[in-house]
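The values are calculated or read from the model by the stated rules, or taken from the named source; none is laboratory data. These figures come from a predicted structure and were not determined experimentally. Reconstructed Cβ throughout: ideal geometry from the backbone, glycine too, with neighbour counts over all protein chains shown.
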Amino acid sequence: METPETRPVYRQFVALIVVCVATAQSLGVALRIPTQLTANDISRYCTVWSLLERGTYAIDDCPWAKDTQDKVLKAEPFSREAKPAEHYYSSKPPLFATLMAGVIYPFRKISGVELDHKFEQPRIERNVEKPDPDHPGKTIFVKETPAPVIWQAYILYFKPVIILFNVVPFLYFLILYVRLLDRYAPNDWAWFVALVAGAWGNYLVVFNSSLNNHTVAAYSAFFAIYPLIRIVSEGSTRPIHFVMAGFWGAYCACNEIPAGLFGALLFLVLAVKDPRRTFLSFVPAAIVPLAAFFATQYLAFGTFKPVYEEFGTKSYNYDGSYWNTPLEFDYLNKFPESYGRYLFHMTFGHHGVFSLSPIFLFSIFACLRNIVGKGRSLKTVSWITLILTIAMLAFYTWNPKARNYGGSTSGLRWLFWLIPFWLVVLPTGLGGGQDRRWVRWLSLVALVFSVLSAGYALRSPWTHPWIVDLLEHLNLYPLVR
């Protein structure tokens, strides 16, 4: 078992290069891509604006509210009126937006510049080609001063937040992942391929450029898995590892509600392993994000029940709502595909985890190998990974309120929080490539297509996967538009 201190020098150099380059690329893409991309991120930005500029969770007055369909119409909570006024609210759980507002608040106060303020930059006079009124069909150049360039102030507030919540955790994820590879990669081939898969062969690197809860949940999951491995596989009894597992496991569930299953499994495993430290360190740490989640939920809506549960009701289907006449994949929420077809497309079809990121087929093989094999050090994590994978596929197959593959998205975003689990066990599945040429080529092809899928979506994560575009161009899977 290698450690950072005993890591061969060639691995040190490769790890340093890959971590730095992947992080730099992620930072560059995050800075370059438009800050407000789609309804998904605008919905949260509206909440941040309302909290900082109006002191409320209602987004009626937000200038961007018209650009998002991810909103609900609900009665104002805590109103003393017999018939409380109705307001628009973001349909996203409010904790994430509240944290963002807290980060931005001191800068907003110091600068005094409103989030929706626009800066104008005058432009100089220049030659502009226009039709010649005296000679029809011909053009002339005339001197004109173009309209000023408009710069949005929100970019200066929101870009640093995207970097803080996505790019910085990505950097720490890669650093810790290299350390896990040193410990659990069986050979050089597994070490190198897994590292590249973690840096470029998955959808986390795509969504780092966009404000979203999926990357936050994924990195939180990894930061919970790492101390879990230290405790279960390496025998650590340090309280800090229990604290980190508890806090990040709970925070993962706060950003992906179905990840509550992971939190429950995490608690059970550690309670069996070390009950005393679990209850003294893990549980108090987990209570912190959970309390914040329910507190902000109650402040925003006057109830502890997530607003997602109201999908399909009048809260979503108000007059003029997009959800009354959904299009493309959202159309499937009203006219769902069969369970079998939906499951196929989630696994090996147009949004398939294993068709878009085939490298993770080796992760499933690794789970089975670790579970069946004797003396495997990642057996517990493999069990958890397999249980979560099967449970989440089953949950989204039969969930009547989520039948649209995540909408217009380049991958099955609801399962992105499982990517760290698949990456952690991946090296075991790749080990055969060291000595077997056919395994080496098979894993290389899987890696290439995984990177291809991520690269295809890098320009904008909120687009269709390449398989959807291909099927549409061939008229094999037309969408309702």
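So the values come out like this:
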{"item": "Sole residue being among the polar types (S, T, N, Q), modelled with pLDDT of 95 or more and buried (at least 19 other Cβ atoms within 10 Å of the Cβ), chosen from Ser408, Ser450", "result": "Ser450"}
{"item": "Test result for Tyr184, under 20 Å from Arg230 (Cβ atoms), touching a helix residue (DSSP H, G or I) at 6+ places or on another chain (Cβ under 8 Å) and not assigned by TED's automatic domain parsing to the domain that holds Gly102", "result": "yes"}
{"item": "Unmet requirement for Trp323, which otherwise passes all of (1) part of a helix (DSSP H, G or I); (2) modelled with pLDDT of 95 or more", "result": "(2)"}
{"item": "Checklist (1) assigned to a helix (DSSP H, G or I); (2) modelled with pLDDT under 95; (3) more than 30 Å from Leu266 (Cα to Cα) applied to Ile467, failing item", "result": "(2)"}
{"item": "Pairs, first on the phi > 0 side of the Ramachandran plot and in the same structural domain as Lys334 (by TED's automatic domain parsing) in segment 390-405, second at pLDDT 95 or above and surrounded by 14 or more Cβ atoms within 10 Å (Cβ to Cβ), C-beta under 6 Å, six or more apart", "result": "Tyr405/His351"}
{"item": "Whichever residue in segment 176-207 is closer than 24 Å to Gly455 by Cβ and among the aromatic types (Phe, Trp, Tyr) and, among such residues, is nearest to the chain's Cα centre (by Cα)", "result": "Phe207"}
{"item": "Pair list, Cβ < 6 Å and 6+ apart or interchain, from segment 218-243 residues that are closer than 19 Å to Tyr172 by Cβ to residues that are not in a helix (DSSP H, G or I)", "result": "Arg230/Ser236"}
{"item": "Subset of segment 48-65 [of a type in the set (Ser, Thr, Tyr) and either without any contact (Cβ under 8 Å) to a residue 40 or more places away in the chain or outside any loop (DSSP other than H, G, I, E, B) (or both)]", "result": "Ser50, Thr56"}
{"item": "All positions within segment 254-268 that are more than 13 Å from Val283 (Cβ to Cβ) and touching a residue at least 40 places away in the same chain (Cβ under 8 Å)", "result": "Cys254, Asn255, Glu256, Ile257, Pro258, Ala259, Leu261, Phe262, Leu265"}
{"item": "Long-range neighbours under 7 Å by Cβ, at least six apart or interchain, first residue exposed (fewer than 10 other Cβ atoms within 10 Å of the Cβ) within segment 469-481, second charged (D, E, K, R) and at pLDDT 90 or above", "result": "Pro478/Glu472; Arg481/Glu328"}
{"item": "Some residue of segment 241-262 being charged (D, E, K, R) and in a helix (DSSP H, G or I)", "result": "no"}
{"item": "Test: residue in segment 97-109 that is surrounded by 12 or more Cβ atoms within 10 Å (Cβ to Cβ), in contact with a His (Cβ under 9 Å, 6 or more places away or on another chain), assigned to a helix (DSSP H, G or I) and aromatic (Phe, Trp, Tyr)", "result": "no"}
{"item": "Residues being over 17 Å from Lys71 (Cα atoms) and either at pLDDT below 95 or crowded, with 18+ Cβ neighbours inside 10 Å (or both) - total across segment 291-313", "result": "2"}
{"item": "Failed criterion for Val216 (all others in (1) β-branched (Val, Ile, Thr); (2) farther than 22 Å from Ala97 by Cα; (3) under 16 Å from the mean Cα position of the chain (by Cα) hold)", "result": "(2)"}
{"item": "Complete set of residues in segment 411-447 that are buried (at least 24 other Cβ atoms within 10 Å of the Cβ), β-branched (Val, Ile, Thr) and farther than 21 Å from Ser209 by Cβ", "result": "Val424, Val425, Thr428"}
